[in-house]
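Only one structure is covered here, and it is reproduced in the block below.
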Amino acid sequence: MASFNHNLDSLKTDGYVILPNQLSSELHKSLRLAARRTRKKSWPHVRTVGKQFPPWPDASTANDVWGIQHILHPDISERAFEGWYASDAILDTVEAILGVKEEELQLELCNMLVNPENTSFELSWHRDAIPADATEEEETEMLKTPNFGTQWNTALVDDECLEVVPGSHRRVRTEAERNGQIEGIKVVLKAGDSVFYDHNILHRAVYPTRPERLTLHACMGSTRADNQRRKTILQHGMGWVKETEFENPRLESLRKRLVVLEPEAVGYTLVG
Ligand SMILES: O=C(O)CCC(=O)C(=O)O
Ligand SMILES: [Fe+2]
């Protein structure tokens, strides 16, 4: 556990931590097969090239995509994704990061990021929870907002698309950074590695058409999060979770905790 505490320290200090080789070779293989099948599927929920933030248009209007949304959706129905999202490895890590028990975790987003086939693309520098046009005062306030969730990328093949500014989740942007002069470092993942990162770290991503990218991109939160976080998650086109029921009992418990929209019902008062 000592080494995991070290990882938690890195996540707090640097805003990200790479956890090498997180997948058994069997799970890795089934996830990679499931990911390649999913990529080939005709599926309406995608991230379209040319657009950084949701909502994204339906796949039928897209020339190219950089992500496949909602890979836990019953119409995709890949057991490998379901088993992975609700695995010991993921749940133990999320529990340690958030300092809560599995009984307090809720299902959130689970997507897949891919190389666009024909048109390279890139995301500009951003924080996920603070708009780029926030004033210094707004940024200062928003950086204080407690976060009851964590997010991560798990690479199924080698991936160097993500760039981060270490430590930037704990401070406002410098004048130079506000003017777009940002020095980041590449997050280099070998196949099987995961990176957990703070949603407020300054980051961007560069998507060339080659090599292949197959990276699972997910988040999970605590039921201590206020209804605003739940509504945001559900409004991310995730209404389907209300109608579905997973066979995997751990995943089903996570789902039920997200769809209960009154925190009182799960034993917590509103926070934040
Ligand atoms: O491609 C990535 O790894 C990062 C994606 C990202 O930053 C986002 O979707 O907000
Ligand atoms: Fe982001």
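Here is a yes/no grid of residues against (1) among the basic types (K, R); (2) farther than 30 Å from L202 by Cα; (3) touching a residue at least 24 places away in the same chain (Cβ under 8 Å):
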{"residue": "N5", "(1), (2), (3)": "no, no, no"}
{"residue": "T13", "(1), (2), (3)": "no, no, yes"}
{"residue": "N21", "(1), (2), (3)": "no, no, yes"}
{"residue": "R32", "(1), (2), (3)": "yes, no, yes"}
{"residue": "K40", "(1), (2), (3)": "yes, yes, no"}
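Each row is one residue, and each column tells you yes or no for (1) more than 24 Å from L202 (Cβ to Cβ); (2) modelled with pLDDT of 95 or more; (3) open to solvent by 50 Å² or more (accessible area, probe 1.4 Å).
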position: I68; (1), (2), (3): yes, yes, no
position: M112; (1), (2), (3): no, yes, no
position: T119; (1), (2), (3): yes, yes, yes
position: L123; (1), (2), (3): no, yes, no
position: H126; (1), (2), (3): no, yes, no
position: A134; (1), (2), (3): no, yes, no
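Restricting the first residue to the stretch 201-222 and requiring it to be open to solvent by 50 Å² or more (accessible area, probe 1.4 Å), which pairs with a second residue that is away from ligand 2 (no atom under 16 Å from the Cβ) meet a Cβ separation below 8 Å and a spacing of at least six or different chains?
Listed by first residue and then by second, the contacts come to P208/N115; P208/S120; R210/N115; P211/N115; P211/V157; P211/D158; E212/N115; E212/V157.
Within the stretch 235-249, can one find any residue that is assigned to a helix (DSSP H, G or I) and crowded, with 17+ Cβ neighbours inside 10 Å?
Scanning the stretch 235-249, I find at least one residue that is assigned to a helix (DSSP H, G or I) and crowded, with 17+ Cβ neighbours inside 10 Å, so the answer is yes.
Pull up the stretch 184-199, narrow it to residues that are open to solvent by less than 10 Å² (accessible area, probe 1.4 Å) and in a loop (DSSP other than H, G, I, E, B), then point me to the one that is farthest from ligand 1 (Cβ to nearest atom).
Checked the stretch 184-199; the qualifying residue farthest from ligand 1 (Cβ to nearest atom) is G192.
Looking at the stretch 209-234 only, could you name the residues that are more than 17 Å from L156 (Cβ to Cβ) and in a loop (DSSP other than H, G, I, E, B)?
Those that are more than 17 Å from L156 (Cβ to Cβ) and in a loop (DSSP other than H, G, I, E, B): T209, T223, R224, A225, D226.
Of all residues in the stretch 32-47 being open to solvent by less than 40 Å² (accessible area, probe 1.4 Å) and within 13 Å of G237 (Cβ to Cβ), which is nearest to ligand 1 (Cβ to nearest atom)?
Ranking the candidates gives R47 first.
Quick test for you: out of T209, T232, pick the one residue that is within 16 Å of ligand 2 (Cβ to nearest atom), of a type in the set (S, T, Y) and within 30 Å of S120 (Cβ to Cβ).
Result of the check over T209, T232: T232.
Could you grab me the full set of residues in the stretch 123-141 that are of a type outside the set (V, I, T), within 15 Å of ligand 2 (Cβ to nearest atom) and in contact (Cβ under 8 Å) with a residue 24 or more places away in the chain?
Of everything in the stretch 123-141, those that are of a type outside the set (V, I, T), within 15 Å of ligand 2 (Cβ to nearest atom) and in contact (Cβ under 8 Å) with a residue 24 or more places away in the chain turn out to be L123, S124, W125, H126, R127, D128, A129.
Which is out of contact with any helix residue (DSSP H, G or I) (no Cβ under 9 Å at 6 or more places or on another chain), touching a residue at least 60 places away in the same chain (Cβ under 8 Å), of a type in the set (D, E) and closer than 24 Å to A34 by Cβ, of D158, D193?
None of the others qualify; the one that does is D193.
I'd like to check something: does the stretch 49-65 contain any residue that is at pLDDT 95 or above, within 24 Å of R37 (Cβ to Cβ), loosely packed, with under 14 Cβ neighbours inside 10 Å and of a type in the set (D, E)?
For the stretch 49-65, residues at pLDDT 95 or above, within 24 Å of R37 (Cβ to Cβ), loosely packed, with under 14 Cβ neighbours inside 10 Å and of a type in the set (D, E): absent.
Tell me which of these L189 doesn't satisfy, since it passes every other one: (1) within 16 Å of ligand 2 (Cβ to nearest atom); (2) within 15 Å of the chain's Cα centre (by Cα).
Failed condition: (2).
The values are calculated or read from the model by the stated rules, or taken from the named source; none is laboratory data. All values reported here derive from a predicted model rather than from experimental measurement. Every residue, glycine among them, receives a Cβ derived from its backbone with ideal geometry; neighbour counts consider all protein chains shown. Accessible surface is based on the protein model in full, side chains and every heavy atom, while ligands, DNA and RNA are left aside. Shrake-Rupley method; radii C 1.70, N 1.55, O 1.52, S 1.80 Å.
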